[in-house]
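No lab work stands behind these numbers, since they all come straight from the coordinates. Every value quoted in this text rests on a predicted model; they were computed, and no experiment measured them. Note that each Cβ is placed from the backbone with ideal geometry, even for glycine, and that neighbours are counted across all protein chains shown.
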Amino acid sequence: MKSLKTYPENCVACHVCESACSNLYFKVDDPEKSRIRITETDSQPRMNACTQCGICVQSCPTLALSINSQGVVMVNQALCIGCYMCIAACPTGSMFRTIGAITPFKCVACGACTKTCPADAIRIEENKES
Amino acid sequence: MTDRRILAEFSYELKPVIKGYNRRTLYIDLGGKKIESKPVSDMMIDKFVGGKGFDLYLMWHGVKDDTKWNDPENELCIAFGPLCGNTSYPGSGKSIVTTISPLTGIPVDCNVGGHFGPYAKFSGWDAIEIQGKADEEVIVYIDGDAGKVKIMSAPDKETNSHILAENLINEFAENPDKRQFVSVVSAGQGAENVLISCLNFSFWDKRRKVARLKQAGRGGTGTVLRDKKLKALVVKYSGLKGDTNNPVDLETLQKTGLKLHKEIEEGDATQCRMREVGTAHLVEIMNDYDLLPVKNFKYGQSDEASSLSSGEFKKLFTQGLPDGCWFGCSLSCCKAVDGFVPRTGPYKGQTVSVDGPEYETVGGCGSNLCIWDPKDVVELNFYCDTYGIDTISFGTSCAFAMECYEYGILNKERTGGIDLTWGNADGVFELIHQMARGEGFGVIVGQGVKRMKEVFARNYNADPKLLQDIGMEAKGLEFSQYLSKESLAQQGGYTFALKGPQHDEAWLIFMDMVNNRIPTFEDKAEALHYFPMFRTWFGLQGLCKLPWNDIEPANNAETDEPAKVPEHVQNYVDIYKAITGKPMDKHELIRQSERVYNFQKVFCMRMGKGRRSDDIPPYRAVGPVTEEEYLSRQERYDSLLQSKQGIDPAGKPTAEKMSLLREYREDQYQQLIDAVYKRKGWTPEGIPTIEHLQSIGMDLPEVIEVVKRYL
C-alpha cells in the first residue's frame, strides 16, 4: 500500500506542502484547497493526510471511491454525487471539500509535496504487507 | 427483452430543476391513453408547497364527491417536494403517494423511499397524476434522459415485485453498469386480490446487485395500481449530480448536511443504532415498556420477545454496507437479509434478498401473532413485499382473525382448514399465499379488519360489539404496531390521524405515559397539534422523518424542548431556505403544514368522512376488553380506579372494575377530542371553522364550499 507518511516531529510548519498541493490540483495557493493540512499548535504541528485506510470506501453509496492497484483510495468524479458521507466517515478527517466544488478530495499519495518539504516531514512509503 | 407495443408517447422539453421545482406535473390518463404536462402555479407552491400538498390538490380536482377507489376517475398520485432529491441532507429521497383508499374511502398518503421519486423529479416532474383504467396490462415509462413518457403494453409474465422490478431494471438500463439509474414502482399478485396492499419502490443496490424494495405501505395503494391494469411505472434518469436540485445556496445545504453526517457518525452507535439494525432496535424497547403488541394488542410484553430482538435480526442482516434508500442518507436504516431461502410458497428453496424487517413488520408479523422465529418473520416480510401486501395491515388483520379463532368465531371449517392458533406460522403462510392466489379464507382476511367484522357478524353470528372492541381499525385502516392503551395522547395520535391509525402523525407514548410531560388535556392537545403539523412537513418536502429524531444532537436533552429536537428543526429551516430561496422559520414551517393538513381534513369530509365519529378508536386501543387483559395489569388498573376515580377496588368483581374503568377512559377520550379539536381550530364536530381556514390561508372557494355543507 502506498501512502503519504507524516513525521510531525520534523515538521517546521512552513506550509509549503499545502501550497504545492493546492497549486497542483486547484491552480491556486490556498491551504483550504490542499489535500495535506498542517495545523500549528503549542507543541509540534498536527499533520493531516489520508492514510489510505479505506474506511471511506465502504461508506460511498455510488461506489465512487475505490482502492487502486497501489493501495491508494481514489475518487471517481463521474460517479460522485457529492453527498459527503465519506467526509464524515473518515476517522482522520482527511477527506476535504471546498466551496464551489461538489466532489470531495483527498491525498492520493502523488508525492508532489514531498519534493518541496525542507524538513523531511513527509515521505511516500510503501507497505508491501497491506 | 419483453416485446412491448407503444400505446401512447409524449415528448417534453428537458429543463433543469430550479430551486427545487420543475413547475410542471405529469398527467396520464390510462383509459384515454392521454399524456400531458400541467403547469404548476404560484398558488400551488404558496398554498400546497409540493409533495403531499401537490398530490392532494391534483386529486381534489380529479375525483368527484362520490368517487370510489375503483372508479376510473380515482387517481394515483406520486409527488416529490422541493427538497426531494438533494444528496446533501440525510433522508431526502422520499416520494409521497396518495389515492382514494380501498380500505377507507378517503385519501391515504404514504411516504416512501427508493430512487423513483428523485429520478422522476429530475426527469422533469413535480408530481405524477395517474387516472383512468387501461384496457390491457400496461407499464408507464418515463425516460428522463430523452424527455419521453410512454404507455407501453405489459405482456410480462411476472407480477411479483422482487422479480418484476429486477426484470424491468435490466430491460431499461442501457447496460448492467447503469442499473442504478432505473427505478420501478410495482405491486405483486396479492394486490390484485386483497385491499391491504402496498406499492414497492425500487432502488438498485450496486453492491448486492439486487433490486431493493421500499414500501408505500398503508391504505391499499397497490390495489389501485393493479385495478388500473398498471403493472409498473419505470423511470430512467442518468444525470444525477450533487447540485441537480439546483439550490440557491449549495454551501449552506452542504454544510448542514455534513454537520448531520458527523452527528450520525458520532452518535448513532450509542443512540438508536439505525445503521446497525434499523428500526428493529425498537423491539426490545417496546417490550421493556409494555408496548409491543402481543395477541392482537391484548398485551404489551412477552417473555418470548427476546427471540425477536434486534440482536437476533442482526445475526441475519448483512452488515457494513451503506444501506440508505437514497444517496446521502448516512442514517442508512434499511437492512437486508441476503441469501435467504424461503421454506414455503412459490419461491421455496430459491435464494432471495429480503429488505428489513423493520420494527412494524416484527410487531405485525411476529409478536402480535405470537410468531417468535425471526426467520418466519423475514419470510413473511419477503412474501408481503413481493406480493404487494402491507406488513402492518397484514399483521393486524391476521391478529384479529387469530383472536376470532381463539374465541370460536372462526374454526377450521370456516377458514377452509387453516389452523389459526396463536403462533401457527404455517397457517399464516397459507393465508398470505392464498392472498396471492386469490382464493380461500386468505382473501377474506385480505379485505382488512373492517370488512372481516362485517362478514363475521353477518355469516357467523358473531357479537358485533366484541368484534368492534377487538378489531384494531379506525376509518377502515388497521392500527400500526404500538400499544396505546396506557397513553391517552397516543390514542388520539393514532385515531385523529387523517388517513387512519398510523403513527406517522404523532408518537407521544414516551412523552405522555413514560415521562408524564403532557399531563393536562391542553398539554396533550398542544402536542397533538404541533407534532402532526411538524411531521406533515416531511411529506410536503419529500423528506424522511427518521433523521429528525432518531438521531439527536449530543446536547439535545439540555434544550428547552427536547422532544422537538430544536437544532434539527433549525436544520430544516436552513435547508429549505438554501434550496428554495424562500423565507422560512419554525412558525411558517408549521403554517405550511397546517394549510395542507386542513385541506386533507376537508377532503375527507368531502368524501363522506372526517366526522367526530370517525375519530373514535376501538376499545382495545383504549383499555382492557377482556378479563385476562385487565388481570394482566390488575395492579395498574386497580390503582387507577383509586387515584383517578376515587373508587376502592377492594372486593369488586373484575367485570365491574372493567366497566368502571371503561366508562372513565371513554369519557377521558371524549374530553381529549374536545381539547384537540379546539386547538386545531375545528368545531366540536371536527369541522374546520371558516375563520380558522381564513387565518391560515386555506380559504379556497372549493374548500369553503365543502365546509359550509357541514356547518
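Any idea which of B:496, B:510, B:521, B:538 is closer than 21 Å to residue B:98 by Cβ and either among the acidic types (Asp, Glu) or more than 13 Å from the chain's Cα centre (by Cα) (or both)?
On the way: B:510 fails: closer than 21 Å to residue B:98 by Cβ; B:521 fails: closer than 21 Å to residue B:98 by Cβ; B:538 fails: either among the acidic types (Asp, Glu) or more than 13 Å from the chain's Cα centre (by Cα) (or both).
Going through B:496, B:510, B:521, B:538 in turn, the sole match is B:496.
May I ask you to list the residues in the range B:642-676 that are of a type in the set (Ser, Thr, Tyr) and without any contact (Cβ under 8 Å) to a residue 40 or more places away in the chain? Lay out the reasoning, then the answer.
Kept after step one, since they are of a type in the set (Ser, Thr, Tyr), are these residues of the range B:642-676: B:643, B:654, B:659, B:664, B:669.
Of everything in the range B:642-676, those that are of a type in the set (Ser, Thr, Tyr) and without any contact (Cβ under 8 Å) to a residue 40 or more places away in the chain turn out to be B:643, B:654, B:659, B:664.
So, in the range A:77-129, of the ones that are among the hydroxyl-bearing types (Ser, Thr, Tyr) and either under 21 Å from residue A:12 (Cα atoms) or touching a strand residue (DSSP E or B) at 6+ places or on another chain (Cβ under 9 Å) (or both), which residue ends up surrounded by the fewest Cβ atoms within 10 Å (Cβ to Cβ)?
Start the filter on the range A:77-129 by keeping residues that are among the hydroxyl-bearing types (Ser, Thr, Tyr), which leaves A:84, A:92, A:94, A:98, A:103, A:114, A:116.
Now restrict to residues that are either under 21 Å from residue A:12 (Cα atoms) or touching a strand residue (DSSP E or B) at 6+ places or on another chain (Cβ under 9 Å) (or both): A:92, A:94, A:98, A:103, A:114, A:116.
On the way: A:92: 11, A:94: 21, A:98: 15, A:103: 18, A:114: 18, A:116: 15.
Looking at residues that are among the hydroxyl-bearing types (Ser, Thr, Tyr) and either under 21 Å from residue A:12 (Cα atoms) or touching a strand residue (DSSP E or B) at 6+ places or on another chain (Cβ under 9 Å) (or both), I get A:92.
Got a sec? Which helices (runs of 4 or more DSSP H) wholly within the range B:548-665 have at least 1 residues that are over 27 Å from the mean Cα position of the chain (by Cα) and among the acidic types (Asp, Glu)? Reasoning before the result, please.
Working: elements: B:566-580, B:586-606, B:627-632, B:634-645.
Here the list reads B:627-632, B:634-645.
How many residues, within the range B:552-601, are of a type in the set (Ser, Thr, Tyr) and without any contact (Cβ under 8 Å) to a residue 40 or more places away in the chain?
Total meeting the criteria: 2.
Within the range B:42-65, can one find any residue that is assigned to a loop (DSSP other than H, G, I, E, B), over 27 Å from residue B:543 (Cβ atoms) and in contact (Cβ under 8 Å) with a residue 12 or more places away in the chain? Working first, answer last.
Within the range B:42-65, the subset assigned to a loop (DSSP other than H, G, I, E, B) is B:49-51, B:63-65.
Subset that is over 27 Å from residue B:543 (Cβ atoms): B:64-65.
Among the residues that remain, those that are also in contact (Cβ under 8 Å) with a residue 12 or more places away in the chain are: B:65.
Yes, some residue in the range B:42-65 is assigned to a loop (DSSP other than H, G, I, E, B), over 27 Å from residue B:543 (Cβ atoms) and in contact (Cβ under 8 Å) with a residue 12 or more places away in the chain.
If I filter the range A:13-35 for residues that are within 26 Å of residue B:243 (Cβ to Cβ), away from every other protein chain (no Cβ under 14 Å), in contact with a strand residue (DSSP E or B) (Cβ under 9 Å, 6 or more places away or on another chain) and charged (D, E, K, R), do I get at least one hit?
Scanning the range A:13-35, I find at least one residue that is within 26 Å of residue B:243 (Cβ to Cβ), away from every other protein chain (no Cβ under 14 Å), in contact with a strand residue (DSSP E or B) (Cβ under 9 Å, 6 or more places away or on another chain) and charged (D, E, K, R), so the answer is yes.
Please verify whether the range A:9-27 includes one or more residues that are more than 30 Å from residue B:91 (Cβ to Cβ), basic (Lys, Arg) and in contact with an Asp or Glu (Cβ under 7 Å, 6 or more places away or on another chain). Please lay out each step first, then the result.
Of the range A:9-27, the ones more than 30 Å from residue B:91 (Cβ to Cβ) are A:9-27.
With basic (Lys, Arg) added as a condition, the list becomes A:27.
Then keep just the ones that are in contact with an Asp or Glu (Cβ under 7 Å, 6 or more places away or on another chain); that gives none.
No, the range A:9-27 has no match at all.
Could you list all residues from the range B:592-630 that are within 16 Å of residue B:300 (Cβ to Cβ) and charged (D, E, K, R)?
B:620, B:628, B:629
Assess whether residue B:68 counts as being surrounded by fewer than 24 Cβ atoms within 10 Å (Cβ to Cβ), basic (Lys, Arg), out of contact with any strand residue (DSSP E or B) (no Cβ under 8 Å at 6 or more places or on another chain) and without any contact (Cβ under 8 Å) to a residue 60 or more places away in the chain. Steps first, answer last, please.
Values: surrounded by fewer than 24 Cβ atoms within 10 Å (Cβ to Cβ): yes; basic (Lys, Arg): yes; out of contact with any strand residue (DSSP E or B) (no Cβ under 8 Å at 6 or more places or on another chain): no; without any contact (Cβ under 8 Å) to a residue 60 or more places away in the chain: yes.
It is false that residue B:68 is surrounded by fewer than 24 Cβ atoms within 10 Å (Cβ to Cβ), basic (Lys, Arg), out of contact with any strand residue (DSSP E or B) (no Cβ under 8 Å at 6 or more places or on another chain) and without any contact (Cβ under 8 Å) to a residue 60 or more places away in the chain.
Out of the helices (runs of 4 or more DSSP H) lying entirely within the range B:219-313, which hold 2 or more residues that are within 14 Å of chain A (Cβ to nearest Cβ), of a type in the set (Asp, Glu) and crowded, with 18+ Cβ neighbours inside 10 Å? It would help to see each step written out before you state the result.
Numbers: elements: B:221-227, B:250-267, B:274-277, B:282-288.
It comes to B:250-267.
Pairs please, first residue from the range B:256-282 and in contact (Cβ under 8 Å) with a residue 24 or more places away in the chain, second anywhere and outside any helix (DSSP H, G or I) and basic (Lys, Arg), Cβ atoms under 8 Å, 6+ apart in sequence or on different chains.
B:258/A:97; B:277/B:335; B:278/B:335; B:280/B:335; B:281/B:273
Give me a count of the residues in the range A:16-44 that are outside any loop (DSSP other than H, G, I, E, B) and of a type in the set (D, E, K, R). Reasoning before the result, please.
Narrowing the range A:16-44 to residues outside any loop (DSSP other than H, G, I, E, B): A:16-26, A:31-33, A:37-39.
Filter once more, so that each one left must be of a type in the set (D, E, K, R): A:18, A:32-33, A:37.
Residues flagged as outside any loop (DSSP other than H, G, I, E, B) and of a type in the set (D, E, K, R) within the range A:16-44 amount to 4.
If you take the residues in the range B:317-349 that are under 25 Å from the mean Cα position of the chain (by Cα) and not in a loop (DSSP other than H, G, I, E, B), which one is farthest from the other protein chains (Cβ to nearest Cβ)?
It comes out as B:337.
Assess whether residue A:39 counts as being in contact (Cβ under 8 Å) with a residue 12 or more places away in the chain, hydroxyl-bearing (Ser, Thr, Tyr) and either in contact with a strand residue (DSSP E or B) (Cβ under 8 Å, 6 or more places away or on another chain) or surrounded by 14 or more Cβ atoms within 10 Å (Cβ to Cβ) (or both).
Details: in contact (Cβ under 8 Å) with a residue 12 or more places away in the chain: no; hydroxyl-bearing (Ser, Thr, Tyr): yes; either in contact with a strand residue (DSSP E or B) (Cβ under 8 Å, 6 or more places away or on another chain) or surrounded by 14 or more Cβ atoms within 10 Å (Cβ to Cβ) (or both): yes.
When the stated conditions are applied, residue A:39 does not pass them.
Considering only the range B:476-523, state which residues are within 14 Å of residue B:615 (Cα to Cα) and in contact with a strand residue (DSSP E or B) (Cβ under 9 Å, 6 or more places away or on another chain).
Scanning the range B:476-523 gives B:477, B:479, B:494, B:495, B:497, B:498, B:499, B:500, B:501, B:502.
Inspect the range B:31-39 for any residue being free of Cβ contacts under 8 Å to residues at least 24 places away in the same chain, outside any loop (DSSP other than H, G, I, E, B), surrounded by fewer than 24 Cβ atoms within 10 Å (Cβ to Cβ) and not polar (S, T, N, Q) and give the result as yes or no. If you could, list the steps in order and put the result at the bottom.
Of the residues in the range B:31-39, the ones free of Cβ contacts under 8 Å to residues at least 24 places away in the same chain are B:39.
If we keep only those that are outside any loop (DSSP other than H, G, I, E, B) as well, we get B:39.
Those still in the list that are surrounded by fewer than 24 Cβ atoms within 10 Å (Cβ to Cβ) too: B:39.
Filter once more, so that each one left must be not polar (S, T, N, Q): B:39.
Yes - at least one qualifying residue is present in the range B:31-39.
Just one of A:62, A:41, A:92 is of a type in the set (Ser, Thr, Tyr), over 15 Å from the mean Cα position of the chain (by Cα) and farther than 21 Å from residue B:332 by Cα; which is it?
Details: A:62 fails: farther than 21 Å from residue B:332 by Cα; A:92 fails: over 15 Å from the mean Cα position of the chain (by Cα).
Result of the check over A:62, A:41, A:92: A:41.
Please verify whether the range B:350-373 includes one or more residues that are assigned to a loop (DSSP other than H, G, I, E, B), under 19 Å from residue B:160 (Cβ atoms), free of Cβ contacts under 8 Å to residues at least 24 places away in the same chain and not hydroxyl-bearing (Ser, Thr, Tyr).
yes
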